[in-house]
Amino acid sequence: MTLLTDRRDAPSDDARAAVGSGVLRRGSTPDRLFAASVVAVLIPVVVATVRAAQRGWRPVGDNGYFLIRSRDVLTSHHPLLGTWTSASQNTATNFNNPGPLLFDLLALPTKLGGSIGLAIGAAALNGLSLVGIALMARRRGGPVVGMAAVLVSGLLCSSMGSELLYDPWQPHSLLLPFLFGLTCTWALADGDVVALPWALGVGSLLVQTHLTYAVLVVALGMWGVIGLGRALRQARADDPDGWAARRRSLRRVLVVSAVVVGLCWLQPVVENVTASGQGNLSRLAGNMTSAEEKVGVADGTRVVADVVIVPPAWLRPSFAEALDHNTAQQDPDQIASLDASFPVAAMLLVGLGALMLAAGWTARRRRDGAALAALATAGVALGTGLVTAWLMPSGAFGISAHQFRWLWPLGAFTALALLAAVIGQVATTSHRRQVLSVALFVGILLVAASTLPTYNVRAGPVADATAGATMDEAARQMVALEDEGPLLVDTTGIRFAEPYTGPVMAELQRRGIPFYVDSEVQVRQLGEARRLGDEDVQRLLFREGDGAAAPVPGARRVVYVEGLDETEQRERDARRDAIVDHLTTSGLVTRDLDDGSLLPAERAAVPTDHDRATIERLVDSGLILRLLEDDHLVLSDEWEERLGRYQDLEDRWDFRTMGLFLAPLRADEGP
């Protein structure tokens, strides 16, 4: 294994520079196709972002907080930490993700472009990661392996879907950076010292932005450094005369790496030292193992196997369908989307490990150090991923997909490692390399083309993409609040994961209306400077659906957006009456109520008699729609279609109708 500072033309050692048959020339067919493939994989990211800008994309849900905090950079509200983390729910302490690097990276495009600037910043992060993945893989294995990396990263983009390619929400915006980080670790393990500052920078971004990456990044970092150390020792033994020059080069890289780490971690350290009371890093250290409920070995193994190896594994449509935890909310042992039992999952992973060992043994015989390093890195990542899955806190909603999104790039890198081994085995002549490069390029074009159409996996904030239109109208009406500040944004009673609170506060920020919060979670989310103190404020209340349409005692409504127009409201009411009439006359026929998808209280609420008052309660409570959604109703196709249309209208009213109300601060003067 040889220490290199630039391997742009060669996969690894001289013996594998052209996979056994000479050095590849610049301008060769694989080289040209590699450059074209990088352009091809970037096109879906650009197209998706331009399409979002054309339709007036607006961040909803948690993305509203990313807009606020990115704007806060270098202001009096400058963030020193990342977002509040839901891991706090498993402890007695509220804490944040360790650092604000993602806010820092998104700050410039957000300040220049506003809402769409936030999307452009997230897209740019993904685009740079795609380029980095391709170039780093090319350094290890030449243009053919580089194209394999492009193909794998393109498939990951396809799995994510177009609407996640510019989504700033951290479980999504970190996926391509994590795949880039894995390729950097591969390069380190193969002795490429140039990868060190990149690995440290990307690893810092991952850990600071989402805690689920902490164990993975630390373990992979240790593995990469061990591999680099071995390569340095071997380089010194192989070429003692040239060691002095290489040592000077190494020192320069180490200085750059130290600067990268210092800059990345300066802000969290400052917060920890200057915080009133216990700093965030200290809180994290004190609560690392405090969560009582863990996912555990059985379910953790099933989750890893489900995403990494069980078809379709990490490919589309798994991103939208895997780890559906609707049933897990009632019973964590029931995760309908997991395909394999624990013994089967364990055997599948053992089989994958055996395949990787066999590929590694073959690569070792060929002296293909790059492929061997890739397979070893994938093995370390898989092993660490298993431990991470076992130790993952099991929160209020059981096993949640956003906690495990790192599995998709991990699965992609495992596929890349196996591809690198196959390419090393097959591409032994110039002709074979050309044929492989053409085949890979065709695959890349097909994958890129399949990623171009709009595809929304409906996970995270993008599930509420249609709320953007409601928020657009609400933002226009919020001009009425410009002379009403400062305001206390009262989040009492708001449903979990509703899409409006963050964007409403972002609009207050854009209009220069001072606002405060008084819940500890919101303070951790928005910064201590927005904690309500002795300020003379009014309360800003938020309501949805019927709550937005009805008066709030002691408050005045200042913003009101209806999710249905008058014609649609009349249609909804008429369909509701027709459904009640039909079920009262024909009776309610159900099936499979004990399959675990319903809460016990919901099962008990399903009526056994069919008088009109009982059926009206069933319809007005929304339980009829829950029964329809979970396929518990026995209906004709005609009535199933009618209920489906009613459900659409009811959902749009409930979740796209919103109102903002102003009330006095003190409870005895308002609601």
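The values are calculated or read from the model by the stated rules, or taken from the named source; none is laboratory data. The shown structure was predicted, so the numbers you read here are calculated from the model rather than taken from an experiment. Positions of Cβ are generated from backbone atoms using ideal geometry, with glycine treated the same way; all protein chains shown enter the neighbour counts. When the accessible area is computed, the model is the full protein with side chains, heavy atoms only, and any ligands, DNA or RNA have been set aside. Shrake-Rupley method; radii C 1.70, N 1.55, O 1.52, S 1.80 Å.
With the dipole of the chain worked out from charges on the C-beta (+1 for Lys and Arg, -1 for Asp and Glu) around the Cα centre, which of Thr29, Leu410, Val438 lies farthest toward the positive end?
Thr29
Give, as a single signed number, the net charge of other residues whose beta carbon lies under 13 Å from the beta carbon of Ser159, with Lys and Arg counted +1 and Asp and Glu -1.
The answer is 0.
Could you run the Debye sum over the Cα atoms of segment 575-637, one equal point scatterer each and no solvent, and tell me log10 of I(q)/I(0) at q = 0.19 Å⁻¹, two decimals?
-0.66
Could you give the dipole magnitude of the chain about its Cα centre, charging the beta-carbon of Lys and Arg +1 and that of Asp and Glu -1, in debye to the nearest 20?
So the magnitude is around 4500 debye.
Taking a probe of 1.4 Å, how large is the accessible area per residue of segment 403-539, in Å²?
Solvent-accessible surface per residue comes out at 41 Å².
Among Val202, Pro59, Thr567, which residue has its Cα positioned farthest towards the positive end of the charge dipole of the chain, with +1 placed on the Cβ of Lys and Arg, -1 on the Cβ of Asp and Glu, and the dipole taken about the Cα centre?
Most positive-ward Cα: Val202.
What figure in square angstrom, to the nearest 10, would you give for the accessible area of Thr492 with a 1.4 Å probe?
110 Å²
Taking the full set of protein chains and a 1.4 angstrom probe, give the accessible area of Phe496 in square angstrom, rounded to the nearest 10.
140 Å²
List the trypsin sites (Lys or Arg not before Pro) in segment 557-607 that DSSP assigns to loop (not H, G, I, E or B) and whose Cβ has at most 12 other Cβ atoms within 10 Å. Which are they?
The qualifying sites are Arg591.
Note down the net charge around Pro499, summing +1 for each Lys or Arg and -1 for each Asp or Glu among other residues with Cβ under 12 Å from its Cβ.
Net local charge, Pro499 excluded: -1.
Need the full-extension length gain, Met222 to Val261, defined as separation in residues times 0.36 nm minus the C-alpha distance. One decimal, nm.
12.5 nm
Kindly state, to the nearest 0.05, the FRET efficiency for Gln434 paired with His78, given R0 = 60 Å and r defined as their beta-carbon distance.
In this case the efficiency is close to 0.70.
Would you please classify the overall shape of segment 464-516 from the alpha carbon gyration tensor, given that a ≥ b ≥ c denote the square roots of the eigenvalues, rounded means a/c under 1.5, and beyond that prolate means a/b larger than b/c while oblate covers the rest?
oblate
Under a 1.4 angstrom probe, counting protein chains only, how are Arg140, Arg58 ranked by accessible area, largest first?
Final ranking, largest accessible area leading: Arg58, Arg140.
Give the long-range amide H neighbours of Val559: residues separated by 5 or more places, or on another chain, with amide H under 5 Å away, using H modelled in the peptide plane at 1.01 Å from N.
Placed amide hydrogens put Leu660 under 5 Å from Val559.
If we restrict to alpha carbons, what Rg and Dmax does segment 478-625 come to, in Å?
According to the Cα coordinates of segment 478-625, Rg and Dmax are 21.1, 61 Å.
Amide H of Arg539: which non-local residues (sequence gap of 5 or more, or other chain) have their own amide H closer than 5 Å, using H built in the peptide plane?
Under 5 Å from the amide H of Arg539 lie the amide H atoms of Leu488, Ala663, Leu665, each far enough along the sequence or on another chain.
Per-residue accessible area for Phe413 at 1.4 Å probe radius, Å² rounded to 10?
Its accessible surface works out to 0 Å², give or take rounding.
Order the following by accessible area, largest value first: Leu74, Leu179. Probe radius 1.4 Å; ligands, DNA and RNA are ignored.
Ranked from most to least accessible, the order is Leu74, Leu179.
At 0.36 nm per residue, minus the direct Cα-Cα distance, what do Arg252 and Arg458 gain on full extension? Give it in nm, one decimal, please.
Additional length available on full extension: 69.6 nm.
Largest first, how would Val479, Val559 line up by accessible area (1.4 Å probe)?
Final ranking, largest accessible area leading: Val479, Val559.
How much length would be gained if the chain were fully extended between Asp609 and Glu638, taking 0.36 nm per residue of separation minus their Cα-Cα distance, in nm to one decimal?
Length gained, Asp609 through Glu638: 8.1 nm.
Which value results for Rg/Rh of segment 73-213 when Rg is the Cα radius of gyration and Rh the Kirkwood radius based on the inverse mean 1/r?
When Rh is taken as the Kirkwood radius, the ratio is 1.01.
Tally Lys/Arg at +1 and Asp/Glu at -1 over every other residue whose Cβ is under 15 Å from the Cβ of Ile120; what's the total?
+3
Hey, if you drop one equal point scatterer on each alpha-carbon of the chain and run the Debye formula without solvent, what base-10 log of I(q)/I(0) do you get at q = 0.11 Å⁻¹?
Each listed q corresponds, in turn, to -1.19.
Rounded to whole Å and sorted largest first, what semi-axes of the equivalent ellipsoid does the C-alpha gyration tensor of segment 134-199 yield via the square root of 5 times each eigenvalue?
Here the semi-axes work out to 23, 15, 7 Å.
Give, to the nearest whole percent, the P(r) tail of segment 367-433 beyond 14 angstrom, counting all Cα pairs.
Here the long-distance tail beyond 14 Å is 65 percent of all Cα pairs in segment 367-433.
Under the rule of at least 5 residues apart or a separate chain, name every residue whose amide H is placed under 5 Å from the amide H of Val193.
Amide H to amide H, under 5 Å and 5 or more residues apart or across chains, Val193 pairs with Leu4.
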